[in-house]
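The values are calculated or read from the model by the stated rules, or taken from the named source; none is laboratory data. Fair warning: this is a prediction, and the values are worked out from it, not measured in the lab. Methodologically, a virtual Cβ is constructed for each residue, glycine included, from the backbone with ideal geometry; neighbour enumeration extends over all protein chains shown.
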2 protein chains.
Amino acid sequence: MSATDGRVVAECTRPTDVARGAQAIVAELIQLSRDCIARVESENPGDEVIGIGIGVPGPLDIRRGVVLLTPNLGWNDLPLRDLVSEGVGLPTVLDNDANCAILSESWVGAARDARFAIGFTIGTGIGGGIVFEGRLHHGISDCAGEIGHVTIEMDGRPCGCGNHGCLEAYASGPAIARRAAERMKPGSILASLVDSDSSRITAETVYRAARQNDEVALDTVHETARYLGAGVAGMLNIFNPDCVVIMGGVTGAGRELFEPLQREVAERAFRPAVEACRIIPGSLSGMAGVIGAARAYLDHVGAPR
Amino acid sequence: MSATDGRVVAECTRPTDVARGAQAIVAELIQLSRDCIARVESENPGDEVIGIGIGVPGPLDIRRGVVLLTPNLGWNDLPLRDLVSEGVGLPTVLDNDANCAILSESWVGAARDARFAIGFTIGTGIGGGIVFEGRLHHGISDCAGEIGHVTIEMDGRPCGCGNHGCLEAYASGPAIARRAAERMKPGSILASLVDSDSSRITAETVYRAARQNDEVALDTVHETARYLGAGVAGMLNIFNPDCVVIMGGVTGAGRELFEPLQREVAERAFRPAVEACRIIPGSLSGMAGVIGAARAYLDHVGAPR
């Protein structure tokens, strides 16, 4: 839970048990919100919780507060905003989770001095968000910022979105794992980390093996930097932002990823765009989405007088 | 020359003789402006020319009024704004020519009802521009909108920008001609249009041959639609605009290009983004740049009281 200045004042978490279905998850979300509100108000006498902001995977209809489709959660046309609002008794706002992440970084995080900030959230997929002068660009039907779904190979790998050759199909966590698995060598450090079972490789294993100089893992990290570099360079040429923030698990690779990424961007983008832009990891890590959802609430509903 | 409501009130043109150098071109530009102003003011008693807007190939420094680099014209750090302003005695504003094109379409042309308009200008290169709620997005150092320079093939054809695999390297006028030339068949309609000299093929020849059902020409047009489709789909996923305007010579291909282009976009972009967006040719043809430059002037300097 975040204050109106972006400070986190309380944290209550519970894993999402997808198998239990939308209704059960919503009920749990409502209970979790009530518990968290009770805790905050008892620990901070005089403070009041004014509303709820929720970051969810898109696509959404923000005006109607509806989650249109979330392949990973199996939701379909779910009126999440009104369900939570009625359940908790507070005004509620939905926004895309990747939008919330860059919104928070631009509010109180790594991009707080930036006029034009572009966020890449790299995890199971590649999400994105665009913040111009402190405000999210949602587009005409709330689905802007899908920067993981730009074509970087015309006839490339199939992508979860139904298209092929998308950035996400090459540089998301599972895509990194897949590329490493395809080339894993028997007896290598990478193989030893997964007991020679390539299906157990994750992006995290790849980074660990790369830090131990495993050849395939190092190649995979450098290749990832090239793919991401092409994607980021495109954003520099399109938006000419002063800040690109890379968020999510992949940033765990650290310098091993960021240095070749920055080199690739410098090779691919226009010089004035490269010189004007910092490419940096997020600074709010796990809390970016939560803080951003609070800010999305303030932007939609406003702070109390 | 355009009125403050976007109407064209006079037109004076002269071809640019690049070989004569920047100084000669600037002198000619000043003389041309004086002639045009004199004509307008004598033909429209009581009217007054208030300023000059110039659309030039980027990259520019708009605040300083300097053309940083134009490979095609051979200009380098040319303070064009002040040179013209001092020569003519009127306030002057520079903007990128592709920016001017979509700005005019969004002001009085094909995109005049759009909230978020993205323009592709396809000619010798592929330029672009982004208009959000009537205003151009210039980015932090005036080089936003270079949507021809996004990677669509990681290790693709070399591009004039120094990168490789850019959209421009596949779908600009010269790139279309090059792809057709590589595959021209002896004795074909395409070959007959250029007296069997493949170096004489232009995009225009390719469209002409395609209209006569030349196989290679038809394949080239359809391939162009695929490449452009990937580029346009990327813009839909990134911006979720309500209008994409395709401008420049390539629009001469008409339905032969637009139909497969729209199909490719529908296949590659998210459904809510596809459903919300019109993809249409520009309506101001040769005058788009001029009208847009006038509008850029009004946006920078303002109209007189």
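Things to note:
- One residue from A:Ile140, A:Ile152, A:Ile118 being surrounded by 24 or more Cβ atoms within 10 Å (Cβ to Cβ), assigned by TED's automatic domain parsing to the domain that holds A:Asn213 and out of contact with any Leu (no Cβ under 8 Å at 6 or more places or on another chain): A:Ile118
- Taken over the stretch A:1-36, residues that are modelled with pLDDT of 85 or more and either in contact with a strand residue (DSSP E or B) (Cβ under 6 Å, 6 or more places away or on another chain) or among the hydroxyl-bearing types (Ser, Thr, Tyr) (or both) amount to 4.
- All conditions in (1) part of a helix (DSSP H, G or I); (2) surrounded by fewer than 24 Cβ atoms within 10 Å (Cβ to Cβ); (3) in contact (Cβ under 8 Å) with a residue 60 or more places away in the chain hold for B:Arg226, with the sole exception of (3).
- Residues of the stretch A:58-74 classified as among the hydrophobic types (A, V, I, L, M, F, W, C), crowded, with 18+ Cβ neighbours inside 10 Å and either out of contact with any Gly (no Cβ under 9 Å at 6 or more places or on another chain) or at pLDDT 95 or above (or both), total: 3
- For beta carbons closer than 9 Å, sequence separation of 6+ or different chains, a first residue in the stretch A:44-63 that is assigned by TED's automatic domain parsing to the domain that holds A:Thr124 and over 23 Å from A:Ala3 (Cβ atoms) and a second that is at pLDDT below 90 and assigned to a loop (DSSP other than H, G, I, E, B), there are no qualifying pairs.
- Residue match in the stretch B:275-296 (condition: without any contact (Cβ under 8 Å) to a residue 60 or more places away in the chain, farther than 26 Å from B:Gly58 by Cβ, within 14 Å of another protein chain (Cβ to nearest Cβ) and crowded, with 24+ Cβ neighbours inside 10 Å): no
- Number of the exception - A:Glu86 against (1) out of contact with any strand residue (DSSP E or B) (no Cβ under 6 Å at 6 or more places or on another chain); (2) in the same structural domain as A:Asn237 (by TED's automatic domain parsing): (2)
- Conditions (1) on the phi < 0 side of the Ramachandran plot; (2) within 14 Å of chain B (Cβ to nearest Cβ); number of the one not met by A:Asn240: (1)
- Hits in the stretch B:147-196 - residues which are touching a residue at least 24 places away in the same chain (Cβ under 8 Å), in a loop (DSSP other than H, G, I, E, B) and charged (D, E, K, R): B:Lys185
- Close pairs (7 angstrom Cβ cut-off, 6 or more residues apart or separate chains): in the same structural domain as B:Thr151 (by TED's automatic domain parsing) and touching a residue at least 12 places away in the same chain (Cβ under 8 Å) in the stretch B:232-249, assigned to a helix (DSSP H, G or I) and β-branched (Val, Ile, Thr) anywhere: B:Val232/B:Val265; B:Ala233/B:Val265; B:Leu236/B:Val265; B:Leu236/B:Val274; B:Val244/B:Val232; B:Val245/B:Ile102
Residues checked against (1) among the hydroxyl-bearing types (Ser, Thr, Tyr); (2) on the phi > 0 side of the Ramachandran plot; (3) outside any strand (DSSP E or B):
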| position | (1), (2), (3) |
| --- | --- |
| B:Ala10 | no, no, yes |
| B:Arg34 | no, no, yes |
| B:Ile50 | no, no, yes |
| B:Leu68 | no, no, no |
| B:Leu90 | no, no, yes |
| B:Leu94 | no, no, no |
| B:Cys100 | no, no, yes |
| B:Ser104 | yes, no, yes |
| B:Trp107 | no, no, yes |
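- Residue count, the stretch A:93-151 (criterion: facing chain B (nearest Cβ under 9 Å) and either farther than 17 Å from A:Leu236 by Cβ or among the hydroxyl-bearing types (Ser, Thr, Tyr) (or both)): 10
- Residue list for the stretch B:155-180, restricted to those being crowded, with 21+ Cβ neighbours inside 10 Å and either more than 15 Å from B:His222 (Cα to Cα) or hydrophobic (A, V, I, L, M, F, W, C) (or both): B:Cys159, B:Asn163, B:Gly165, B:Cys166, B:Leu167, B:Glu168, B:Ala169, B:Ala171, B:Ala175, B:Ile176, B:Ala177, B:Ala180
- Conditions (1) surrounded by fewer than 24 Cβ atoms within 10 Å (Cβ to Cβ); (2) more than 9 Å from chain A (Cβ to nearest Cβ); (3) touching a Leu at 6+ places or on another chain (Cβ under 8 Å); (4) part of a helix (DSSP H, G or I); number of the one not met by B:Ile246: (4)
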